[in-house]
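Chemist: One structure coming up, written as structure tokens, with questions to follow.
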């Protein structure tokens, strides 16, 4: 079945450091890929998404490119801030994007950014 | 943006008791809600899909008689863990689908419920 593997945390970075959180997936079809973020005490929020190969999702300085050849969707940010401290989840859906179907999630990666 | 309220955020109960978790869509109607469970250091695992006015669809391996789901209105779904045992201790998260045409994104999540069964 479909699955998502993402790097384990916690990840601790200094402010303004470069961030990469790795995510790879296994899917039989052509899934849509997502990154969700969960800030302390809040629900998961969609950070960015990509619906087909070579698409790049971006939001709030974060980027991820859908790489079919490596089945990856790594999350990157050039300069992290303390406010980026959160748990990040990579997810996929084998249904059309933006359609609100159930998702397959990775385990989540906790990010702590220190001043 | 759309908000999903999940309550309670944490609960501690004795073994053998039942616990009800509520999931409400605050500013949209949700014909479909999803219930997930997350054990420590594990992925969020889909437990069931809750459809308003009909029976929930459970994922393989999830006991429907143990995890009762009620979706009696377009804004509320409840998950009841019946006769809870320590192995049911987990983090439960709901999400709701917004089917309205105005919704740019369709899926919204609650903040989760940490259940600890003693």
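Bear in mind that the values in this text are calculations on the coordinates, not laboratory data. Every value quoted in this text rests on a predicted model; they were computed, and no experiment measured them. Cβ: placed from backbone, ideal geometry, glycine included. Neighbour counts: every protein chain shown.
Chemist: Taking 8 Å as the Cα distance limit and 6 or more residues as the minimum spacing, I'd like the relative contact order of chain A as a percentage.
Modeler: 37 percent
Chemist: Residue by residue through A:101-109, how many Cβ atoms from other chains fall within 10 Å of the Cβ on average?
Modeler: 6
Chemist: If we count other beta carbons within 10 Å of each Cβ, what is the order of B:10, B:35, fewest first?
Modeler: Neighbour counts put them in this order, fewest first: B:10, B:35.
Chemist: Roughly how many nanometres apart are two label points built 7 Å out from the Cα toward the Cβ at residue B:5 and residue A:94?
Modeler: The modelled label-to-label distance comes out at 3.7 nm.
Chemist: Based on other C-beta atoms within 10 Å, arrange B:12, B:21 from fewest to most.
Modeler: Ordered from fewest to most neighbouring Cβ atoms within 10 Å, B:12, B:21 come out as B:12, B:21.
Chemist: Also, quick follow-up: If one computes the Cα centroid of the range B:64-118 and of the range A:1-70, what distance in Å separates the two points?
Modeler: Between the Cα centres of the range B:64-118 and the range A:1-70 lies a distance of 24 Å.
Chemist: For residue A:51 and residue B:65, FRET efficiency with R0 = 45 Å and r from the beta-carbon atoms, rounded to 0.05?
Modeler: 0.75
Chemist: Between residue B:102 and residue A:42, with labels modelled 7 Å along Cα→Cβ, what's the label distance in nm to one decimal, could you check?
Modeler: 2.1 nm
Chemist: Tell me, what is the percent relative contact order of the range B:1-96, built from C-alpha pairs under 8 Å that lie six or more residues apart?
Modeler: 36 percent
Chemist: With a Cα-only, solvent-free Debye model of chain A, what are the log10 I(q)/I(0) values at q = 0.14, 0.16, 0.23 Å⁻¹?
Modeler: -0.51, -0.67, -1.33
Chemist: In whole Å, what three semi-axes, largest first, describe the equivalent ellipsoid of the protein assembly as shown built from its Cα gyration tensor (square root of 5 times each eigenvalue)?
Modeler: With the √(5λ) rule applied to the protein assembly as shown, the semi-axes are 29, 20, 17 Å.
Chemist: With only alpha-carbon pairs counted, each pair once and no self-pairs, how large is the Kirkwood hydrodynamic radius of chain B in angstroms?
Modeler: Computed over chain B, the radius equals 14.2 Å.
Chemist: Test of understanding: what is the full-extension gain from residue A:18 to residue A:59, defined as 0.36 nm times their sequence separation minus their Cα-Cα distance?
Modeler: 13.2 nm
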